[in-house]
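Q: Provided herewith is a single structure, encoded as structure tokens, for subsequent inquiry.
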Amino acid sequence: MQRHEDGSLTTYDSFPEARAAMRALEQRVIPPILTAMTCALNKPDLFVALKKLERGSSGRCVDGTHLHDIRFEGKAEAYVSRPFDEDALRNALTDVTLKASQMNPKSAKFFSLGLGEVDELKRFLNFFLALEIHTHAVFARIDHRLHVTSLTSAVPSASAVTSSMLQTKMEALTNLFDRFVWCAACVWTDLTESDVSHFLELKKARDDIAHGRASEPPAGFARSAQLLAHKILWR
């Protein structure tokens, strides 16, 4: 512990219980914000990577003394940057404040974990988990009767029995790809056939890893999983 001329104190890696409480708060609050910010700032020709610059812990003792608790870590990397329009940034941050709290917390957690990974395998698996969890969550919210009725109303020969049967079939879907397709038909209507086909490729790569047929995703699949997750999360 070191006491400074201004009366403040500096300690090193102390207060484990308080640190644990702060980590628990961070794990609940930060992932949706990071996910929303990344989705808001990303563009087709601009990939945004958020960098953690500094992390500090400070507080006051019961006698009012200002205390800083520090810990040293080392890491090196290189990157290039480009300016971001101030108005565009301001608008994006406004979107973040509106949408971060509405994101599925589990999907956002794995998306943010993927953002923080360097290893391509871990990045891919985290982004795919975000896709998988969000697909199941959106599927669970679909009004199947409403969407089946909308689809069959365009077919004069479709009876109430046919609609009821289709509704039952849709509600009973368990396969991840089938659910993704139904979500695309009912909710993510801006997805293209290419997006759906690409999800099937991503799922096959994940299944190959899970069943021991592969130890790494194909080149570029981590980035592709991130872009598709971004597309369905940011709405």
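The values are calculated or read from the model by the stated rules, or taken from the named source; none is laboratory data. It should be emphasised that the depicted structure is a prediction, and the values quoted were computed from it without experimental measurement. Cβ sites come from the backbone with ideal geometry, for glycine too, and all protein chains shown count toward neighbours.
Q: Which of the residues that make up the range 106-116 are surrounded by fewer than 20 Cβ atoms within 10 Å (Cβ to Cβ) and either modelled with pLDDT under 90 or of a type in the set (Phe, Trp, Tyr) (or both)? Please lay out each step first, then the result.
A: Applying the first criterion (surrounded by fewer than 20 Cβ atoms within 10 Å (Cβ to Cβ)) to the range 106-116 yields 106, 113, 115-116.
Scanning the range 106-116 gives LEU115, GLY116.
Q: Please find, among GLU193, GLU216, the residue that is acidic (Asp, Glu) and exposed (fewer than 14 other Cβ atoms within 10 Å of the Cβ).
A: On the way: GLU216 fails: exposed (fewer than 14 other Cβ atoms within 10 Å of the Cβ).
Just a single option satisfies the conditions, and that option is GLU193.
Q: Continuing with the same structure: Just to be sure, is LEU125 modelled with pLDDT of 90 or more and surrounded by 19 or more Cβ atoms within 10 Å (Cβ to Cβ)?
A: In short, yes.
Q: Test ALA185 against the criterion of being outside any loop (DSSP other than H, G, I, E, B), of a type in the set (A, V, I, L, M) and over 21 Å from the mean Cα position of the chain (by Cα), and give yes or no. Can you show your working first?
A: Numbers: outside any loop (DSSP other than H, G, I, E, B): yes; of a type in the set (A, V, I, L, M): yes; over 21 Å from the mean Cα position of the chain (by Cα): yes.
Criteria met by ALA185.
Q: Right, next: If a residue has to be farther than 30 Å from LEU146 by Cα and either modelled with pLDDT under 95 or basic (Lys, Arg) (or both) to count, how many in the range 185-211 make the cut?
A: So the answer is 2.
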